[in-house]
Amino acid sequence: MRYPVTSNPLKPRQYKSDVEPIWCPGCGHFAVLSALTRAWSTMKLDAEQAVMISGIGCSSRLPAYAISYGFHGVHGRALPVAIGIKLARPDLCVVGIGGDGDGYSIGGNHFIHGCRRNVDMTYIVMDNEVYGMTKGQASPTSPEDWHSKLQPGGTWVPPFRPISIALASGANFVARGFSGDPNGLAKIIIEGINHPGFSFIEVLSPCITYRPDQRGWKGKVHPTSLHTVEDAVTALQMMANDDGMTTGIFYKGHRTAFGCKPDGSPIFLKPTKDISEIEAELRP
Amino acid sequence: MSFMDEDETPKVSYEDLLAHAHRLETEAVERYEELASAMRKHHNQEVADFFQKMAEVEGSHVTKMENTADPATLPARAPWEYDWEDPESPEAIPQDQISYRLTAQGAMRLAMAAERRAVNFFAKAAEYAADDKTRAIAEEMAQDERDHVVMIQQWMDRLPAGPDERGEDMDPPMDQD
């Protein structure tokens, strides 16, 4: 366990705030919130040790529904803020939260380089293959043939493959969960948080309002038959034929997290110079 | 908890039963509270009130469990270490069965199905109990859940017959041709 346990452990419900979620009845995100609170309760994590940073979208409203610290930022920009917080406060359990539109489209660049930089944090993307908050446009993970009013006949481009992108970009932990199995997802979240480096967890989380067809996901999602590997190339090869509906932990790497020593302890504990000294060095 | 030993000897212990019962009721309370909140936010007050009532009913079961045995004295289990047939506990209504257009009749039918799953769970636990004390507790719990089925049926009988979901939404979320 990498984060200190609290002497006053909370039940999962106690990690939830008084703010009632505005998610649609039946939304998968309710279960993701439950999974996260169950994970923290199991870890006996002090709520003041946790911080969630989100972008914009239905999934990005999650930080308001928990009593941990939270930052609800701008569209696609959760990761830069999360990385900054982690580097400034390496003692905190930092969790980035977002959706497929927020994380893979406008936030796509940050996603790639967040994996590459490998700061010790966890990034949870709730993927419902649609821009839900803005009423049903195709997102990067929407199927090529998914008809929408804005893109009749389909997107005509193959969907983004976040698991493969994360592996190729250097994420140190890559997994997929399902909102229909919140307890299994809680286990994945705990493993992701405890694994050093950038942990990426994609969560299949149906949008029952703008993608009612996703009610059928429950019958399609299945645990992976593959074991967790420690070599990224092997993991990439394994995921080449992935149907996008498998759950499990696919990859656990051994990269040293950015800003940490090989044993995981942070390097940048305190500033070594005063800001005025740094400014003086930069003056011509 | 696995209901059967390798040599097919029943082995549901008292501690296993109480731990599973407590977890089952706790998850039911959490789910009913979520559903009540969601329906309240989306102006389906009748269904919200029903789900809130169910949360209170299941909450009384949690209290009963905790009066029988302090959960802290039971073997600690992670959320994924319970022996359910489905990913979620039997009495939690799956989110994918929920719609903002759910009627009171539809909500009651979903709740009744959840209670019947709980009946089946405790009945099976009684069948495979390791001793008489465990069997008696499991049978009592199964009967409590049967009582809930009767209670919900009585509530349904007070309503006119109706569909599970409202027919037409005059302001649908998405207008697709």
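Summary: within chain A, the longest segment free of GluC sites (Glu not before Pro) located in DSSP loops with at most 15 other C-beta atoms within 10 Å is A:1-143. Among the trypsin sites (Lys or Arg not before Pro) in segment A:187-239, those placed in a DSSP loop whose Cβ has at most 16 other Cβ atoms within 10 Å are A:Lys220. In this simple spin-label approximation, A:His254 and B:Gln143 carry label points 7 Å from Cα along the Cα→Cβ vector, and these lie 6.0 nm apart. Listed values for segment B:120-126 are Karplus-derived 3J(HN,Hα) couplings in whole Hz (6.51 cos²θ - 1.76 cosθ + 1.60, θ = phi - 60°), namely 4, 5, 6, 5, 5, 4, 5, and x replaces Gly and Pro.
Rounded to the nearest 500, what is the 222 nm mean residue ellipticity of chain B from helices alone, with -39500 (n - 2.57) per DSSP H run of 4+ residues and division by all residues? Don't skip to the answer; put the middle values down first.
Details: 4 runs with 102 residues, N = 177.
Rounded to the nearest 500, it is -20500 deg cm²/dmol.
For segment A:1-127, the fraction of C-alpha pairs more than 18 angstrom apart is 50%.
Which residues make up the longest stretch of chain A clear of chymotrypsin sites (Phe, Trp or Tyr not before Pro) that lie in a DSSP loop with no more than 16 other Cβ atoms within 10 Å, not counting the sites?
Working: sites that count: A:Trp156, A:Phe268.
The longest uninterrupted stretch comes out as A:1-155.
P(r) tail for segment A:157-201: Cα pairs beyond 18 Å make up 35% of the total. Between A:Cys24, A:Cys260, A:Cys115, the residue with the greatest mean-square fluctuation in the GNM of chain A (Cα pairs under 10 Å linked by springs) is A:Cys24.
For chain B, the spread of Cα positions along the three principal axes, ordered from largest to smallest, is 59, 33, 29 Å. Counting only alpha carbon atoms, the long axis of helix B:45-68 and the longest principal axis of chain B meet at about 10°.
Which percent, to the nearest 5, of DSSP beta bridges fully inside the protein assembly as shown are antiparallel? Before the final figure, lay out each step's value.
Details: 10 of 42 bridges.
Antiparallel bridges: around 25 percent, rounded to the nearest 5.
Could you tell me the center-to-center distance, by alpha carbons, between segment A:232-266 and segment A:64-95 in angstrom? Going from one Cα centre to the other spans 22 Å. If you build a Gaussian network model of chain B, linking Cα atoms that sit under 10 Å apart, which residue out of B:Asp147, B:Asp157, B:Asp49 swings the most? In the Gaussian network model the winner is B:Asp157. Against the main long axis of the alpha-carbon atoms of chain B, helix B:14-41 sits at an angle near 10°. For segment B:80-134, count all C-alpha to C-alpha pairs, find those more than 14 Å apart, and express that count as a whole percent of the total. Counting every Cα pair in segment B:80-134, those more than 14 Å apart make up 62 percent. In a DSSP loop and with at most 12 other Cβ atoms within 10 Å, the trypsin sites (Lys or Arg not before Pro) in segment B:124-177 are B:Arg158. Gyration tensor over the Cα atoms of segment A:142-229: the corresponding equivalent ellipsoid has semi-axes (square roots of 5 times the eigenvalues, largest first) of 27, 17, 11 Å. Springs between Cα atoms under 10 Å define the GNM used for chain A, and in it the highest mean-square fluctuation of A:Asn109, A:Asn183, A:Asn128 occurs at A:Asn109. Within the same chain, lysines fewer than 8 places from A:Lys252 are excluded, and of the rest, those with a Cα less than 17 Å from its Cα are A:Lys187.
Within 10 Å of each Cβ in peptide B:25-32, how many partner chain Cβ atoms are there on average? Round it to a whole number, please. Can you show the working numbers first?
Details: counts 0, 3, 5, 0, 1, 9, 4, 0.
Across B:25-32, the average partner-chain Cβ count within 10 Å equals 3.
What part of the accessible area of chain A, given as a whole %, is carbon or sulfur when the probe is 1.4 angstrom? Taking all protein chains in place, chain A shows 58 percent carbon and sulfur surface.
Both chains summed, the buried accessible area for A and B stands near 2800 Å², from protein heavy atoms and a 1.4 Å probe.
So what's the protein assembly as shown giving for Cα Rg divided by 2.2 N^0.38 Å, two decimals? Walk me through the numbers on the way to the answer.
Details: Rg = 23.5 Å, N = 461, 2.2 N^0.38 = 22.6 Å.
Relative to the 2.2 N^0.38 Å estimate, the protein assembly as shown comes out at 1.04.
Filter the cross-link list A:Lys44/B:Lys133; A:Lys11/B:Lys41; B:Lys53/B:Lys133 down to pairs whose alpha-carbon distance in this structure exceeds 28 Å.
Values: A:Lys44/B:Lys133 33 Å; A:Lys11/B:Lys41 24 Å; B:Lys53/B:Lys133 31 Å.
From the list (A:Lys44/B:Lys133; A:Lys11/B:Lys41; B:Lys53/B:Lys133), the Cα-Cα distance tops 28 Å for A:Lys44/B:Lys133; B:Lys53/B:Lys133.
Within the shell of other residues whose beta carbon sits under 12 angstrom from the beta carbon of B:Arg40, the net charge comes to -4, with Lys and Arg scored +1 and Asp and Glu -1.
Which FRET efficiency value, to the nearest 0.05, do you get for B:Asp49 and A:Glu20 by plugging their Cβ-Cβ distance into 1/(1 + (r/R0)^6) with R0 = 22 Å?
Details: r = 15 Å, r/R0 = 0.68.
The value I calculate is 0.90.
The values are calculated or read from the model by the stated rules, or taken from the named source; none is laboratory data. As the structure is a computational prediction, the values presented were derived from the model and not from experiment. Positions of Cβ are generated from backbone atoms using ideal geometry, with glycine treated the same way; all protein chains shown enter the neighbour counts. These area figures cover heavy atoms from the full protein model, side chains too; ligands, DNA and RNA do not enter into them. Shrake-Rupley method; radii C 1.70, N 1.55, O 1.52, S 1.80 Å.
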